[in-house]
Structures are given as structure tokens and as C-alpha cells.
Amino acid sequence: MKTPDGPGIDVVFGIAMETDVGSFTANSEGVQHGTPRLLELFARRGIKATFYWTGHAAENNAKMVRTVRDAGHETGCHSLVHETLGDPIFPLPNNWPVMPSEVEGRITEATRLVQQCAGERPVSFRCPRLWGSTKVVNVLEQLGYVSDASLPLYYYRTMFAPYHPSVRDWTKPGRLKIVEIPNFCDLSMVSQDPEYERDRDQWPLFRTKGARALLAKVDAFTAYVRERQVRPVLCFYFHPWEFHEMPQGWIDFGEARVKPQPFIVKNCGAKAVAQFDRLCAGLAQRGARFVTAKEIADEYR
């Protein structure tokens, strides 16, 4: 682990480019209308981010893939169709992990599609829902990826800084060349969620409770890490659909209807943009250095 170097913090903004509402819909309104809002804000504040595209989202929004790339952001990969590639943490209806034998083929095809649309090969990856696994990181290593930002710290609660994972257990340090970048959480709080401890997590506080609430978690994590003589790396996860108004209540499909939990779609759109802008300002005031996942990996490799 790296020791602190000055008073600042490293910030990785990871944007999961997928269909709307956590891929519970087939719509791409967020990609089409939320992404430009993010790009404008990033340009105004001089921020670089990593955009993790599913192969499906890239193939159906190829022009936007190139627009994001041309704005100076990193092009990453986010699986083929937002499927569960790794170890599931909590139950979802009719959502089963793909077989381990399928993982390599799906990531390979997703990589091909993203590369075809972006004109450059992705080297940074993030699993849908942050559900990674040892199988996934070994496949990513074989395919030449340099970073993976799948580990949900709220659940595993051990590796709080970028590390090289073990070939036998992705949640422990080892000798793989790929760098695992944990998604930060509040490790100092007393959780009221004994099963999953999701109240430690960062998402989607900036929308549901505001930038100030998320910055409080930033400060708690930063203090926790600095006490252990490690430079803080704050890896965030967001989605383009959060920055565009999403349907409230039931969403109709051919044979069923889906009703997301209220917090999933609360304050999507203009309110989310305003709070995200305040988050960026608060991070800048704390000395943030905004970097891509690849840049962090290059420094740790």
C-alpha cells in the first residue's frame, strides 16, 4: 500500500454505462441524455473519469462512446449485457450468475464490442453491481486488463487501498499484475444492516440525501485510511441514468411490470446533477486529484 503523499486524495469517478435503472429496463435514455450533462460538468471542472461500457450499451450508442472518448475520458468495460459475472451478494429476481465457464467468453466479447465502438481496447473493468470474483480477475489478467474496480468495500471491509489480488482469492493481496481498486465506504461507522452492511456504502447518497451526506462518508473514509498511513483513493460509482429523469413507480414490459425500490430512482435528473456538482466542489476543496482507473493502476503496478 502507498503511504500518504501530501494532503490530497486521489479520486476515481467510475461511470457504469448501461441501460436505465440498473439495467432493469431496455431503455438508454440515461446514456443519451444523462451523459452529456456529465460531460459538460466534467469539462467545466477539469475532471477525468472512467466510463465503463457494457458491450450492449456501446454497440447501441457507438456515437456516444466516441463522444466520451474524444472528451478525454477513459473507455472501460462493464460486461456484455450487465449480467452477473461474479459472486452475488444479495438476491435479485430471476438474476442468476453466469456459469464460470461462460465468464471468459462474455468478457472477451464485451471487450471486442467496446473496442470496436471506441477504436481503442479497454484495459479497465468493473463488474455489474460490483459483484466480482476470483474467476473474473483471473480472466481479466489473461485478457490484458490493468485495473478492476469491482470490489465493494462495504461488504468485504478489508482491502481499503488499491492492491494486486491473489490468484486464489480476489479479496486478498497476491501476485496478479492487475490492480484491484476498491469502491470506498465508511469503515468507521456502526452498521445497522447486519446482513450486508450496505449503509456503509457511498451509493446513492448524493441523490437521496445530498452531497453533504456523501462528503461525510468521504471524510470518514479518508480519516480511517490516513490513520493507517495510506494515501486515500476514493473510487466512486455512478450511472448516466441517474442524471436524467427516470420513471417513478411501475415500469411496464410485455409480460410483467417492474417497480424499483424508491431510493433507486429518487431525485434522478436535475437534482442529481446539482448535487453531483456540489460533490465535485467539495472534493476539490479537499485537495482531490481526479484520475482514471488506468492512471491509478499504472501508479500501483
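The values are calculated or read from the model by the stated rules, or taken from the named source; none is laboratory data. Bear in mind the structure is a predicted one, so any value in this text is a computation, not a measurement. Every residue, glycine among them, receives a Cβ derived from its backbone with ideal geometry; neighbour counts consider all protein chains shown.
Conditions tested, residue by residue: (1) of a type in the set (A, V, I, L, M, F, W, C); (2) free of Cβ contacts under 8 Å to residues at least 24 places away in the same chain; (3) touching a Lys or Arg at 6+ places or on another chain (Cβ under 7 Å); (4) closer than 17 Å to VAL11 by Cα.
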site	(1), (2), (3), (4)
ARG168	no, no, no, no
PRO182	no, no, no, yes
TRP203	yes, no, no, yes
PHE206	yes, no, no, yes
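Elements of the type helices (runs of 4 or more DSSP H) sitting completely within the stretch 126-243 and holding at least 2 residues that are in contact with a Gly (Cβ under 9 Å, 6 or more places away or on another chain): these cover 134-142, 211-227. Provide a single number: the residues in the stretch 69-94 that are free of Cβ contacts under 8 Å to residues at least 40 places away in the same chain and either among the aliphatic types (A, V, I, L, M) or under 23 Å from TYR145 (Cα atoms) (or both). Number of matching residues: 5.
Against the test of being within 19 Å of the chain's Cα centre (by Cα), surrounded by fewer than 24 Cβ atoms within 10 Å (Cβ to Cβ) and acidic (Asp, Glu), the options GLU109, GLU83, GLU120 yield a single qualifying residue, GLU83.
The rows are residues; the columns are (1) modelled with pLDDT of 95 or more; (2) out of contact with any Leu (no Cβ under 9 Å at 6 or more places or on another chain).
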{"position": "SER191", "(1), (2)": "yes, yes"}
{"position": "TYR196", "(1), (2)": "no, yes"}
{"position": "VAL225", "(1), (2)": "yes, no"}
{"position": "LEU234", "(1), (2)": "yes, no"}
{"position": "GLU245", "(1), (2)": "yes, yes"}
{"position": "PHE253", "(1), (2)": "no, yes"}
{"position": "LYS271", "(1), (2)": "yes, yes"}
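Would you mention how many residues in the stretch 147-165 are surrounded by fewer than 17 Cβ atoms within 10 Å (Cβ to Cβ) and small (Gly, Ala, Ser)? So the answer is 0. VAL31 meets the conditions (1) in contact with a strand residue (DSSP E or B) (Cβ under 8 Å, 6 or more places away or on another chain); (2) buried (at least 24 other Cβ atoms within 10 Å of the Cβ); (3) assigned to a loop (DSSP other than H, G, I, E, B) in every case but one. The failed one is (3). What residue, of ARG129, ARG112, ARG157, is within 17 Å of TYR196 (Cα to Cα), basic (Lys, Arg) and free of Cβ contacts under 8 Å to residues at least 60 places away in the same chain? None of the others qualify; the one that does is ARG157. Residues in the stretch 267-301 that are over 17 Å from PRO232 (Cα atoms), part of a helix (DSSP H, G or I) and among the polar types (S, T, N, Q): 1 in all.
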